[in-house]
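The values are calculated or read from the model by the stated rules, or taken from the named source; none is laboratory data. Every value quoted in this text rests on a predicted model; they were computed, and no experiment measured them. Methodologically, a virtual Cβ is constructed for each residue, glycine included, from the backbone with ideal geometry; neighbour enumeration extends over all protein chains shown. For the accessible areas, the whole protein counts, side chains as well, though only heavy atoms, and no ligand, DNA or RNA atoms are used. Shrake-Rupley method; radii C 1.70, N 1.55, O 1.52, S 1.80 Å.
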Amino acid sequence: MTITNIRKHTPEINRVQKSGEQNPYTGLAQIAKQVPSFIRLPKSGQQCPHSGYTRSGLNELILPTAENPNPPVRSVLIRKRGAMRGVRLIVYDSLMNYLNSFDAHGEKVVEEVAL
């Protein structure tokens with residue numbers, strides 16, 4: 001079961017727990033609560049606790065550049081209207097999907113599609 005599926009079932013899991021019925025999703029509610037939807041960039045000089053990347057490493061993955069016009073990891077910028085600064089949040093599932101797309105040797109895994 002993927003993280004997205006766990007999040008979809010969380011209200012049902014909580015309903016089952018409150019009513020005292022037998023819980024078919026033992027432990028899944030706790031997993032869903034521990035997985036964030038978004039994460040902030042770590043402070044300068046520190047590593048991300050979820051991925052181990054530094055702030056500059058994550059910036060390379062989320063910000064479009066001349067070499068990388070379509071960043072592989074999605075992020076959102078939240079700021080007030082007219083403000084110059086804001087908070088950049090990384091979509092956790094997007095980051096984990098990107099990291100999981102590599103094998104143990106660091107090679108990008110290409111899925112073959114049957115025609």
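Filtered by the rule that a residue be assigned to a loop (DSSP other than H, G, I, E, B), of a type in the set (D, E, K, R) and open to solvent by 70 Å² or more (accessible area, probe 1.4 Å), the stretch 89-109 gives a lone residue, E107.
Checking T54, T65 one by one, the residue that is surrounded by 10 or more Cβ atoms within 10 Å (Cβ to Cβ) and of a type in the set (S, T, N, Q) is T54 and no other. Could you give every pair whose Cβ atoms fall below 6 Å, whose first residue belongs to the stretch 69-83 and is under 13 Å from L95 (Cβ atoms), and whose second residue is open to solvent by 60 Å² or more (accessible area, probe 1.4 Å), counting only separations of at least 6 or pairs across chains? As it stands, the answer is P71/P64; S75/R88, since those pairs meet every condition given.
Among the residues making up the stretch 33-53, those that are under 15 Å from M96 (Cα atoms) and either free of Cβ contacts under 8 Å to residues at least 40 places away in the same chain or of a type in the set (V, I, T) (or both) are Q34, V35, I39, C48, P49, G52, Y53.
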